[in-house]
Amino acid sequence: MQDPTLQCKLFLRTMATNEGAAVTIEVQASSGPYPVLIAPRLIEHLGDLLDERGLAGPRFVVTSPLVWRLHGPAIGAALPGADVIEVPDGERHKTLHTVQRIYDALLRGRAERGCTLVAVGGGVIGDMAGFAAATYLRGIGLVQAPTTLLAQVDASIGGKVGVNLAWGKNLVGSFYAPRLVVTDPVVLGTLSRREFRAGLYEVIKYGVACSRDLFDRLQRDLPEVARQRSAAAATPIIAECCRIKAAIVSQDEREAGARRVLNYGHTVGHAIEALTGYRRFKHGEAVGWGMLAAGILAVDRRLLPRRDFAAMRALIMQLGPLPPIADLTASHVIDAMQRDKKVAGGRLHFVLPAGIGAATLVNDLTGAEVGSALERVGFQAG
Ligand SMILES: NC(=O)c1ccc[n+]([C@@H]2O[C@H](COP(=O)([O-])OP(=O)(O)OC[C@H]3O[C@@H](n4cnc5c(N)ncnc54)[C@H](O)[C@@H]3O)[C@@H](O)[C@H]2O)c1
Ligand SMILES: [Zn+2]
């Protein structure tokens, strides 16, 4: 039998000749390698791609009403006969309650072990559908078809799945690798300006924490990518982020070491999302504030030269104003951080940039140091 990954590559090569750039990136997971396929109009070929991956059983699509309204016609045509499960998305709905609705629909559709769940949506749908796939009958096939920039560059790769609890983000979850990631940059065309920008903060994260080359490229191209929001402009950047993430998670699937650098900006980011009931900030925007806070801490610790901080800040600010934080008190942000997963032994863990393109984990920061940095970012003193 032919290797299914190879078959996908052959398929993509055919596509490339017909429709422009196509990229295949392989991720190594403990459950086996899986490809991330990136090409325009790829969702129209979802059925063929699943067939080629050997995912022949019944198909269940998990999506949101909005995403399905926009992209259901193309995906429905590509996956004839699939059961469609619509659940609400947005961070407030990333709960066990919504996952229960997915289980109910799978049971109603008599889903068995050999079936495949295709997550069509942003990171919230991907994380919830992934968690449902990981746990329903102790695991059914999972395919990620991300439809937000954030999900395409980050959430769809690496197998982290889960939901939030009232206490904080992603407190219940698992590692469960997809069998395939199908990334079609054309679907980003329907994304709001704000959601697109929210994804760009995670793109900046990769540049600062992992790749000087990407950072330099963003300094050159970011304004145009943000302005155009086109598949053509975004594709090379999406592919580069996917390459970085694939390399990191292939080396450290379970986040024992290297993968932690991808949490850059997330200690403060998660805290302010939780503090504001997941209503004020898009995830990427919260990470934008978090990167600024971690940047100041890194300057304080003499890890990051001031000029690099200024360059990073300029890149973040280029995307426009972030939602306000002046009414959030620094000590409340610290309290919220203490409740997050990134606390071990009661100590705050921060990923700090060590220059541009490198990051390091620091776990001996005092509350006073963090409080002072938060105030300088713009949080209320106290
Ligand atoms: N698993 C991981 O490794 C990982 C990594 C990063 C982030 N995440 C998670 O991802 C989530 C954030 O994901 P998100 O930013 O994609 O948010 P999201 O899934 O809530 O999507 C944002 C909004 O965009 C809409 N949308 C999606 N695709 C669209 C399209 N093509 N056109 C128009 N609208 C569209 C959705 O309906 C939603 O309203 C967070 O919960 C975060 O924790 C997970
Ligand atoms: Zn994130």
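Could you derive backbone 3J(HN,Hα) for the range 231-245 from the dihedral phi with the Karplus parameters 6.51, -1.76 and 1.60 (θ = phi - 60°), listing whole Hz in sequence and x where the residue is Gly or Pro?
After applying 6.51 cos²θ - 1.76 cosθ + 1.60, I find 4, 5, 6, 7, 4, x, 6, 4, 4, 5, 4, 5, 4, 5, 5 Hz.
What is the spin-label model distance, in nm, from residue 48 to residue 104 if the labels are put 7 Å beyond Cα along the C-beta direction?
So the label points at residue 48 and residue 104 sit 3.8 nm apart.
Given the DSSP H assignment, sum -39500 (n - 2.57) over each helix run of at least 4 residues in the chain and divide by its residue total; what's the result at 222 nm in deg cm²/dmol, nearest 500?
Values: 13 runs with 180 residues, N = 382.
It comes out at -15000 deg cm²/dmol, rounded to the nearest 500.
Along each of the three principal axes of the Cα atoms of the chain, give the extent in whole Å, ordering the values from largest to smallest.
For the chain, the Cα extents along the three principal axes come out at 58, 42, 35 Å.
Which chymotrypsin sites (Phe, Trp or Tyr not before Pro) from the range 89-185 combine a DSSP loop assignment with at most 12 other Cβ atoms within 10 Å?
Working: sites: 103, 131, 136, 167, 175, 176; in loops: 167, 176.
The qualifying sites are 167.
Any chance you could check the Cα centroid distance between the range 255-295 and the range 150-197 for me, in angstrom?
Each part reduced to its Cα centre gives a spacing of 14 Å.
What GluC sites (Glu not before Pro) in the range 81-183 are in a loop by DSSP, with at most 15 other Cβ atoms within 10 Å of the Cβ? Present the calculation step by step, with values, prior to reporting the outcome.
Details: sites: 86, 91, 112; in loops: 112.
When the GluC sites (Glu not before Pro) of the range 81-183 are filtered for loop state and at most 15 Cβ neighbours within 10 Å, 112 remain.
For the range 78-116, list residues with backbone N below 20 Å from a point placed 7 Å from the Cα of residue 66 toward its Cβ?
Correct set: 85-99, 102.
Tell me the label-point distance for the pair residue 193, residue 276, using the 7 Å Cα-to-Cβ offset, in nm and rounded to one decimal.
Label at residue 193, label at residue 276, 1.8 nm between them.
Most mobile of 190, 148, 95 per a Gaussian network model of the chain (Cα springs, under 10 Å)?
Judging by the Gaussian network model, the answer is 190.
May I ask you to derive the relative contact order of the chain, considering only C-alpha pairs under 8 Å and at least 6 residues apart, and to give it as an integer percent? Provide the component values of the computation, followed by the final result.
Working: 732 pairs, mean separation 55.8, N = 382.
15 percent.
Which percentage, to the nearest 5, of the DSSP beta bridges contained in the chain is antiparallel?
On the way: 18 of 39 bridges.
Among the beta bridges of the chain, antiparallel pairing accounts for roughly 45 percent.
With label points built 7 Å along Cα→Cβ from the Cα atoms of residue 364 and residue 74, find their separation and express it in nm.
For residue 364 paired with residue 74, the spin-label model returns 5.2 nm.
Test of understanding: in a Gaussian network model of the chain with alpha carbons linked when under 10 Å, which of 88, 35, 324 would top the mean-square fluctuation ranking?
The residue with the greatest mean-square fluctuation here is 324.
Each value in this text was obtained by applying a stated rule to the coordinates, not by laboratory testing. What you are looking at is a predicted structure, and each value in this text was computed from that prediction instead of being measured. Ideal geometry is used to build each Cβ from the backbone, glycine not excepted, and the neighbour counts take in all protein chains shown.
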